[in-house]
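The values are calculated or read from the model by the stated rules, or taken from the named source; none is laboratory data. Just so we're clear, the structure is a prediction, and the values are computed from it rather than from any experiment. Ideal geometry is used to build each Cβ from the backbone, glycine not excepted, and the neighbour counts take in all protein chains shown. Side chains included, ligands, DNA and RNA excluded: accessible areas come from the protein's heavy atoms. Shrake-Rupley method; radii C 1.70, N 1.55, O 1.52, S 1.80 Å.
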Amino acid sequence: MSRIAVVPGSFDPVTLGHIDVIGRAAGIFDELHVLVVHNPDKSALLPIAQRVSLLERSIAEAGLPGNIRVTSWSVGLLVDYCTEVGATVIVKGIRSQVDVAYETPMALVNRNLAGVETIFLLPDPANAYVSSSLVRQVASLGGDVSPYVPAAVAEFLQKS
Ligand code: PNS
């Protein structure tokens, strides 16, 4: 039986921390779905289709394996997507205790809703402080985001 996992997130935009976790998860599971989900609690910078495109380009740029599929979901719960594609595991990156506190209730709800387990992966410590919100702020004020994001994203943000 092939094991399918989902890495969900806003990815607004994808960072080197995300790529790090996606690469680690792709090495553990047979099939990995990177799922762009709208988070109503956050004000968005990029349209969903742009985030998907930047993820695809960044995954190719990083030379990650071919078992990764990027897609988006806007019609219901994350676990509905998992059920639809046969995914049994959600993967999240954890940078700190703050992330543990944020992710734990979601993990428990997703398990209660549909029996989908969540596993937490640690990024390289070099990426431990990188976040999309930090990147959005630095980019909006004209700063250099290239140390924190894949080249495709840095290039895109510089142009826009
Ligand atoms: O990158 P983010 O913004 O921290 O990702 C959060 C996200 C989008 C994964 C989370 O908000 C989510 O799963 N939303 C889908 C709606 C859902 O299933 N909610 C109930 C379980 S938390």
Check: For q = 0.16, 0.17, 0.19 Å⁻¹, what log10 I(q)/I(0) does the chain give under the Debye formula with an equal point scatterer on each alpha carbon and no solvent?
Finding: -0.90, -1.02, -1.29
Next item on the list: With label points built 7 Å along Cα→Cβ from the Cα atoms of S43 and V75, find their separation and express it in nm.
Entry: 3.1
Note to self: If I model a spin label at A62 and N112 as a point 7 Å from the Cα along the Cα→Cβ vector, what separation in nanometres do I get?
What the structure shows: 3.2
Item checked: Charge context of V7, other residues only, Cβ under 12 angstrom, K/R +1, D/E -1 -> +1
Next item on the list: Work out how far the C-alpha atoms of region 39-121 reach from end to end along every principal axis, then list the three figures in whole Å, largest first.
Entry: 35, 29, 25
Margin query: Could you tell me the center-to-center distance, by alpha carbons, between region 134-160 and region 1-71 in angstrom?
Written below: 18
Note to self: Could you tell me the relative contact order of the chain? Use alpha-carbon pairs under 8 Å, at least six residues apart, and round to a whole percent.
What the structure shows: 31
Check: If we count every other residue with Cβ under 12 angstrom of V153's Cβ, Lys/Arg +1 and Asp/Glu -1, where does the sum land?
Finding: 0
Item checked: Nitroxide proxy distance, nm - points 7 Å out along Cα→Cβ at V98 and E31 -> 3.6
Next item on the list: Take the solvent-accessible surface of the protein heavy atoms, probe 1.4 Å, and return the percent of it on region 4-159 that carbon and sulfur atoms account for.
Entry: 56
Notebook entry, point to check: Can you give the alpha-carbon Rg of region 65-160 over 2.2 N^0.38 Å, where N counts its residues?
Noted result: 1.30
